[in-house]
Amino acid sequence: MKSIVQVINETIRPAGAECLPCDRVNLDYERYAEYRDSDEHRASEVFENPSPNSRTIRIADIGDGIPSILCYFLDGSRRTYKMADLLVRGRYLPLIAGQVGVAVVFRDTGADQVKPVRDFCSFRNVLAFPDQVTAPEDLDPLSRRIRTESRCAFELLRYTVKEDRDPVDLGIAKIMSFMANLELDAVHRLSDMRLLQNSSLLVKDGPLRYKNIKGRGFDVTQFRNVLGVSKTFRPSFTVGTGRSKRDVGAITAGLGMGERTPVFKTVEEDRFIGMWYLRIRPQSKMTNPLQGIIKVECYAIDDREAQDGLDAERVNTISVHLLRERNVTPYGQDLRWASHIYPVFETESFIKASMLSDTCFKALF
């Protein structure tokens with residue numbers, strides 16, 4: 001049985017390229033960055049109907065006997081590695097490998113537990129080649145050869161080399177785009193099966209930043225019952241225009257426990273998104289004023305919402321159910337525990353437990 005590097009070398013050498021060994025490193029090990037997962041677009045105006053007359057909105061509690069409308073939780077995770085260098089036409093370019101996992105868990109209120117929905121979970125091994133080494137038609141034959149001769153299944157991707165960009169970053173971005181397509185496919189299938197309803201929403205970890213999936217258009221109506229919930233955000237991100245422009249940090253630092261901001265309007269590929277910030281933990285128990293705040297996003301689905309903004313009553317209903325998620329917490333297990341929704345933490349843990357260890361994955365090469 002041949003190593004993957006051997007198979008690649010034998011395949012590309014006739015074309016004048018060569019696969020060279022290098023130190024195999026995990027590209028994801030880095031110092032914890034407080035706002036690493038943040039992703040904001042410009043927000044210009046308040047986007048809810050009726051428009052609030054205050055900068056903060058108090059969320060009312062609901063009884064414990066009312067079941068949660070947050071039933072499905074989706075997360076995607078990846079590990080990326082530099083596994084080899086490719087020498088081609090005077091360029092020295094990295095071969096980026098990755099493990100990609102996308103999982104959906106379901107909250108079974110009757111059994112009082114969350115459990116993965118296997119039909120909507122995907123785990124893939126991927127290889128990102130620079131476009132100067134492989135043509136699109138080369139990927140499937142090379143993938144089959146790796147599977148046959150190395151007994152390893154890999155999805156092969158191509159990243160476009162750009163003079164002003166680090167090729168390592170380009171390879172990682174390609175793998176991230178592949179993961180986003182897996183997430184989008186899971187949402188489409190959940191919606192197609194009518195599992196997402198007003199009483200059974202899906203919480204997606206992170207912002208709603210989806211583009212058209214290959215071979216299928218982006219149908220925003222399938223996201224009516226999908227929320228994007230982010231654990232981090234950039235406090236220097238501004239909302240509003242002119243004299244009313246303010247940094248999000250200045251707005252959210254004054255939020256009390258159980259209070260939210262107005263909904264703000266942002267745009268992603270001509271689709272309107274309403275986003276708001278909600279404090280789910282008391283500031284007096286936090287180490288800094290922005291800890292314990294989550295960012296929530298929801299697409300504007302129809303023309304009325306696009307024109308008038310999200311329905312304020314629905315925003316409040318969503319917020320109160322998110323507020324109920326503050327316990328149990330992953331305290332001591334995740335540095336972002338104060339803004340973490342526990343079922344999402346369970347989803348992340350399931351994905352990571354399903355991946356090969358770094359040592360085993362590197363040994364494939």
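The values are calculated or read from the model by the stated rules, or taken from the named source; none is laboratory data. From a predicted model like this one, the values you see are computed outputs, not experimental measurements. With ideal geometry, Cβ positions are generated from the backbone for all residues, glycine too; neighbour counts draw on all protein chains shown.
If you go through the stretch 138-152 one residue at a time, do you hit one that is under 26 Å from S349 (Cβ atoms) and either in contact with a Ser or Thr (Cβ under 8 Å, 6 or more places away or on another chain) or at pLDDT 95 or above (or both)?
Quick first cut of the stretch 138-152, residues under 26 Å from S349 (Cβ atoms) only: 152.
When the remaining residues are screened for being either in contact with a Ser or Thr (Cβ under 8 Å, 6 or more places away or on another chain) or at pLDDT 95 or above (or both), the result is none.
The answer is no; no qualifying residue exists.
Just checking, does the stretch 268-288 include any residue being touching a residue at least 40 places away in the same chain (Cβ under 8 Å), assigned to a loop (DSSP other than H, G, I, E, B), within 20 Å of the chain's Cα centre (by Cα) and crowded, with 19+ Cβ neighbours inside 10 Å? Checked against the condition, which is being touching a residue at least 40 places away in the same chain (Cβ under 8 Å), assigned to a loop (DSSP other than H, G, I, E, B), within 20 Å of the chain's Cα centre (by Cα) and crowded, with 19+ Cβ neighbours inside 10 Å, the stretch 268-288 yields no hits at all.
Pick out the one residue from D166, D219 that is over 28 Å from Y277 (Cα atoms), at pLDDT below 95 and not basic (K, R).
D166
Close contacts from the stretch 299-326, counting a first residue that is aromatic (F, W, Y) and a second that is assigned to a helix (DSSP H, G or I), with Cβ to Cβ under 7 Å and a gap of 6+ residues or different chains, come to Y299/V220; Y299/F223. Apart from one condition, A353 fits all of (1) free of Cβ contacts under 8 Å to residues at least 24 places away in the same chain; (2) surrounded by fewer than 20 Cβ atoms within 10 Å (Cβ to Cβ); (3) in contact with a Pro (Cβ under 6 Å, 6 or more places away or on another chain); the exception is (3). Of the strands (runs of 3 or more DSSP E) contained entirely in the stretch 121-217, those carrying at least 1 residues that are farther than 21 Å from D75 by Cβ fall at 122-130, 155-159. Contact map, the stretch 1-22: first residue within 19 Å of D140 (Cβ to Cβ), second residue modelled with pLDDT of 90 or more and assigned to a loop (DSSP other than H, G, I, E, B), Cβ cut-off under 8 Å, separation 6 or more or different chains; pairs are I4/C152; I4/F154; I4/L364; I4/F365. Here V126 passes the criteria (1) β-branched (V, I, T); (2) in contact with a Gly (Cβ under 8 Å, 6 or more places away or on another chain); (3) surrounded by fewer than 20 Cβ atoms within 10 Å (Cβ to Cβ) except the one numbered (3). Taking D108 and the conditions (1) free of Cβ contacts under 8 Å to residues at least 40 places away in the same chain; (2) surrounded by 23 or more Cβ atoms within 10 Å (Cβ to Cβ); (3) not basic (K, R), which numbered condition does it fall short on, given that it satisfies the others? Looking at each condition in turn, D108 falls short on (2).
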